[in-house]
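Visitor: Would you mind keeping the following structure in view while I ask a few things?
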Amino acid sequence: VACEWGLYVITPAWIEACGQQSRWFDERDYLLDRNSTQAEEELDKRSQELALSEKHAKDMGKRRQQEEKERLEKIELERKKRNQNEKTLLEELRAGKQIVDLYDDLQMFLHGFDVSRMRTFTQLGFLSGSTVYCQWCPEVTHVLVGDTPSATYLRRLKQETPGIVFLKSSWLVSSLEERKRLNIEKFIYETPQTSPIVTHKKKLNRSDTLRSKNTLTRQNSSNKRRQSERENSSLDINVSHSNSSASSSSFSSSNKRRKLLPLQGYLVCVTNYVGKERVEVEYLATKLGAQYTEKLTRRNPTVTHLISARDEGEKWKHAREWEIVIKDLNWLRQLERET
């Protein structure tokens with residue numbers, strides 16, 4: 001058909017020659033002789049080489065996919081094992097219901113944790129004696145980084161809060177397992193550096209950066225106000241002093257103990273409640289040790305409980321999707337009675 005239309009029918013050698021010499025060759029020097037068996041054999045050979053090359057590429061692709069699948073399965077297995085060890089440690093520490101301060105001088109902020117690990121580490125942080133925040137506030141001295149941190153968010157915190165320390169989550173677990181304060185140097189979390197492309201985008205979007213800073217400032221002011229209200233409220237923290245002959249299982253020589261509140265370190269949100277009931281949700285949540293927020297967020301910060309009056313609404317749908325614990329006001333009242 002090509003010959004009938006007056007098109008050149010040439011051998012693959014023409015393409016190779018053009019590519020090697022980086023110039024255009026006359027197609028008439030590479031015309032295919034339809035009566036030449038040698039040309040046909042050459043085409044067959046080229047077709048076989050191409051088929052083998054494609055087969056090799058497919059095999060390599062499948063092998064890489066299998067290796068990547070095995071790697072991800074190994075990582076997931078290690079994470080499940082790690083998470084189980086963390087929960088086991090938490091159960092052991094909660095068995096006594098009382099804590100001995102180990103890091104009572106730290107103000108800790110959790111970042112990059114999923115809902116399940118957020119619940120675990122809020123309790124572990126409190127049991128270590130530190131103050132744990134699910135939302136950022138200026139009093140924070142250390143940031144505990146989980147599996148899914150935001151590099152941009154951490155870089156902004158580092159710029160706006162000189163001296164802030166980013167730590168891997170294994171630091172807290174190792175400290176509680178060994179029952180002593182550990183050197184933080186080998187647990188430092190290194191924030192990824194900004195690439196030139198990202199830096200250029202930041203310069204272009206300076207107005208967005210300023211808006212983010214203003215949002216953070218308003219959030220800090222709100223957190224300060226809520227912290228002040230909690231300090232002035234009638235929450236009682238039972239402090240008892242143990243004897244100097246405390247058992248070897250004590251975390252440190254400090255003998256100051258505090259009562260573990262049921263929702264200590266959790267972040268509670270509300271929906272479908274109005275008026276006095278909504279105010280009661282906030283009051284009971286903070287009284288039971290939780291932090292309170294009006295916004296339902298999956299990360300930064302991670303909401304752990306949603307108090308809902310009905311099984312409907314946008315917050316309720318998102319909470320179901322994000323596997324956030326959903327309770328009602330009666331559940332808070334019951335916890336208060338038991339406490």
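Per-residue answers, yes or no, for (1) farther than 23 Å from Arg82 by Cβ; (2) more than 14 Å from the chain's Cα centre (by Cα); (3) at pLDDT below 85:
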position: Pro138; (1), (2), (3): yes, yes, yes
position: Pro149; (1), (2), (3): no, no, no
position: Thr152; (1), (2), (3): yes, no, no
position: Arg156; (1), (2), (3): yes, yes, no
position: Lys168; (1), (2), (3): no, no, no
position: Glu190; (1), (2), (3): no, yes, no
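Visitor: When only residues in the stretch 78-97 that are open to solvent by 90 Å² or more (accessible area, probe 1.4 Å) and in a helix (DSSP H, G or I) count, which is farthest from Gln264 (Cα to Cα)?
Guide: The initial filter retains those residues of the stretch 78-97 that are open to solvent by 90 Å² or more (accessible area, probe 1.4 Å), namely 78-81, 84, 91-92, 94, 97.
Subset that is in a helix (DSSP H, G or I): 78-81, 84, 91-92, 94.
Numbers: Glu78: 28, Arg79: 25, Lys80: 24, Lys81: 25, Gln84: 21, Glu91: 15, Glu92: 17, Arg94: 12 Å.
This residue is Glu78.
For (1) of a type in the set (Gly, Ala, Ser); (2) open to solvent by less than 60 Å² (accessible area, probe 1.4 Å); (3) within 30 Å of Val143 (Cα to Cα); (4) modelled with pLDDT of 85 or more, each residue gets a yes or a no:
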position: Tyr30; (1), (2), (3), (4): no, yes, no, no
position: Gly61; (1), (2), (3), (4): yes, yes, no, yes
position: Glu67; (1), (2), (3), (4): no, no, no, yes
position: Met108; (1), (2), (3), (4): no, yes, yes, yes
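Residue by residue, here is whether (1) part of a helix (DSSP H, G or I); (2) over 22 Å from Glu178 (Cβ atoms); (3) touching a helix residue (DSSP H, G or I) at 6+ places or on another chain (Cβ under 7 Å); (4) not aliphatic (A, V, I, L, M) holds:
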{"site": "Glu76", "(1), (2), (3), (4)": "yes, yes, no, yes"}
{"site": "Arg117", "(1), (2), (3), (4)": "yes, no, yes, yes"}
{"site": "Phe121", "(1), (2), (3), (4)": "yes, no, yes, yes"}
{"site": "Val140", "(1), (2), (3), (4)": "no, yes, no, no"}
{"site": "Pro149", "(1), (2), (3), (4)": "no, yes, no, yes"}
{"site": "Thr152", "(1), (2), (3), (4)": "yes, yes, no, yes"}
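Visitor: Restrict the check to the stretch 41-49 and report whether at least one residue is among the small types (Gly, Ala, Ser), at pLDDT below 85 and surrounded by 10 or more Cβ atoms within 10 Å (Cβ to Cβ).
Guide: As a first pass, look at the stretch 41-49 and keep what is among the small types (Gly, Ala, Ser): 47.
Right, trim to at pLDDT below 85 and you get 47.
Filter once more, keeping what is surrounded by 10 or more Cβ atoms within 10 Å (Cβ to Cβ): 47.
Scanning the stretch 41-49, I find at least one residue that is among the small types (Gly, Ala, Ser), at pLDDT below 85 and surrounded by 10 or more Cβ atoms within 10 Å (Cβ to Cβ), so the answer is yes.
Visitor: If you check Ala151 against the conditions, is it of a type outside the set (Val, Ile, Thr) and farther than 23 Å from Pro192 by Cα?
Guide: Details: of a type outside the set (Val, Ile, Thr): yes; farther than 23 Å from Pro192 by Cα: no.
No; evaluated as a whole, the condition is false for this residue.
Visitor: If a residue has to be open to solvent by 30 Å² or more (accessible area, probe 1.4 Å) and outside any helix (DSSP H, G or I) to count, how many in the stretch 166-181 make the cut?
Guide: 4
The values are calculated or read from the model by the stated rules, or taken from the named source; none is laboratory data. Keep in mind that what you see is a predicted model, and the values were worked out from it rather than measured. Ideal geometry is used to build each Cβ from the backbone, glycine not excepted, and the neighbour counts take in all protein chains shown. Protein only, heavy atoms only, side chains kept; ligands, DNA and RNA dropped before computing areas. Shrake-Rupley method; radii C 1.70, N 1.55, O 1.52, S 1.80 Å.
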